């Protein structure tokens, strides 16, 4: 951020202008990292959250720009989830496998029923999220992503950023749902059961 401002958005060597996107992504990353720290404090939970958020940002922006979720990124995302959860004792192996099958399986069913309304990258992304979140938080993340996707779609149509026939990538909404589920998932579930499942 400091170098971008100091160099006025240009390369130090060739003088070529950088897109404002670089600055915005760096600011967003710093904001989300600070948010995570405020929620988790210092400790293993913060490390897990920062790594998770970093992957979510990468996937969300690539999918938004190119309607593509790279397998290389997903392999690292899934592998990191398994390593961190098992290594630090956050989530058990059975819970991770159940979350992965639930996340990928639900979106696979939607893709089949909608005849291509859900991309293969989204299916694999949801499966990887399950490895990070476990099955309960994965289900919550999917529900949140559908809600956020509906609201986001309406906003994009209203602002005429997208037309009715335009493709709206679902990856960013999956990432956003996973972000809130990862940070606030257990609080949301407790609130729900206290108020609606008595």
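Annotations
- Residue count for the range 74-97, restricted to those that are buried (at least 17 other Cβ atoms within 10 Å of the Cβ) and within 13 Å of residue 51 (Cβ to Cβ): 8.
- Output for the range 143-170, where each listed residue is buried (at least 24 other Cβ atoms within 10 Å of the Cβ) and not in a loop (DSSP other than H, G, I, E, B): 145
Let's see how each residue does on (1) surrounded by 13 or more Cβ atoms within 10 Å (Cβ to Cβ); (2) closer than 30 Å to residue 93 by Cα; (3) in the same structural domain as residue 184 (by TED's automatic domain parsing); (4) at pLDDT below 95:
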residue: 3; (1), (2), (3), (4): no, no, no, yes
residue: 13; (1), (2), (3), (4): no, no, no, yes
residue: 63; (1), (2), (3), (4): yes, yes, yes, yes
residue: 66; (1), (2), (3), (4): no, no, yes, yes
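The values are calculated or read from the model by the stated rules, or taken from the named source; none is laboratory data. Remember, predicted model here, so these are calculated numbers, not experimental data. Note that we place each Cβ from the backbone using ideal geometry, even for glycine, and neighbour counts take in every protein chain shown.
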